[in-house]
Amino acid sequence: MSDLSKRRLKLWIRLLGVTRGAENHLRDYLRREHATTLPRFDVMAALWRRRDGVTMSELSRMLLVSNGNATAVVDRLEADGLARREAEDGDRRRIRVRLTPAGLTSFEAMATGHEAEVDAIFDRLSDNDLDTMREILTRAGKAT
C-alpha cells in the first residue's frame with residue numbers, strides 16, 4: 001500500500017469521526033431541546049422544502065431510506081398532527097404527504113436551533129476554510 005493510499009484511508013477515518021461526532025451532537029440536541037429524533041427532523045426538513053408535498057416513494061428517495069422507514073416516521077408525525085396524507089387528484093393509490101401548519105411551525109422552531117448547533121460545531125472554521133473544504137469535498141464527491 002502506498003503512502004498516499006494510507007493517508008487517504010486516514011482521511012476517510014477522520015471524516016467518519018467528524019461526521020459521527022456532529023451527528024451524535026445533533027441527535028442529542030434534538031432529543032433534549034425538542035423531544036424528537038434526527039430521522040423525524042430529516043423527514044420534516046424534506047417536507048418543509050417541498051411545501052406542495054411529496055409521495056412516499058419520493059420522500060424515501062430524498063432521504064435515502066426505505067419506504068418502511070419513511071412510513072413509520074410519517075405515521076408518527078401524522079398521529080401528532082404535524083403531517084397529513086392526501087390522495088393526489090382523488091387517486092387513493094397515489095398519496096402525497098405534507099406538513100400541517102402546526103408541523104411547519106414546529107419544524108421552523110427546530111430548524112433555527114439546529115442551524116445554531118451546526119454553526120457552533122464548526123465555529124473554529126473560517127470563511128476561507130469553509131470554501132476550501134467545500135471545493136475539496138465537491139472534487140472528492142465526483143469520484144463516487
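Quick note: the coordinates plus some simple rules give every number you see, no bench work behind them. Note that this is a predicted model, so its numbers are computed, not measured. In this analysis, Cβ positions are derived from the backbone assuming ideal geometry, glycine residues included, and neighbour counts consider all displayed protein chains.
Rounded to the nearest 0.05, what FRET efficiency do E115 and A72 give with R0 = 22 Å and r taken as the Cβ-Cβ distance? Could you check? Computed FRET efficiency for E115 and A72 comes out at 0.25. Relative to its residue count, region 80-144 spans a Cα convex hull of 173 Å³ per residue.
Between S5 and H25, the FRET efficiency estimated from the beta carbon spacing at R0 = 25 angstrom works out to 0.20. Here the gap between A35 and S57, fully extended at 0.36 nm per residue and compared with their Cα-Cα distance, gives a gain of 5.2 nm. Report note on the peptides 112-124, 26-38: ranked by the mean count of other C-beta atoms within 10 Å, highest first, their order is 26-38, 112-124.
Relative contact order of the chain: 22 percent, from C-alpha pairs under 8 Å at least 6 residues apart in sequence.
Using the empirical formula 2.2 N^0.38 Å as the baseline, the Cα radius of gyration of region 22-74 reaches a ratio of 1.16. Each peptide among 43-49, 9-15, 68-74 gets the average number of other Cβ atoms lying within 10 Å of its residues, and from highest to lowest they stand as 43-49, 68-74, 9-15. Using the Cβ-Cβ distance between L137 and D80 with R0 set to 25 Å, the FRET efficiency works out to roughly 0.10. Note on the chain: GNM, Cα springs under 10 Å; of R84, R20, R40, the largest mean-square fluctuation is that of R20. Amide H to amide H distances under 5 Å link T36 with R31, where only residues 5 or more positions off or on other chains count and H is placed in the peptide plane.
In a solvent-free Debye calculation with one equal scatterer on each Cα, what is log10 I(q)/I(0) for the chain at q = 0.10, 0.18 Å⁻¹, listed in the order of the q values? The computed values of log10 I(q)/I(0) come out as -0.47, -1.11. With the helix formula -39500 (n - 2.57) applied to DSSP H stretches of n ≥ 4, the chain reaches a computed 222 nm mean residue ellipticity of -23500 deg cm²/dmol. Residues in region 67-73 carry Karplus couplings, in order, of 4, x, 5, 5, 4, 4, 5 Hz; the curve used is 6.51 cos²θ - 1.76 cosθ + 1.60 with θ = phi - 60°, and Gly or Pro positions show x.
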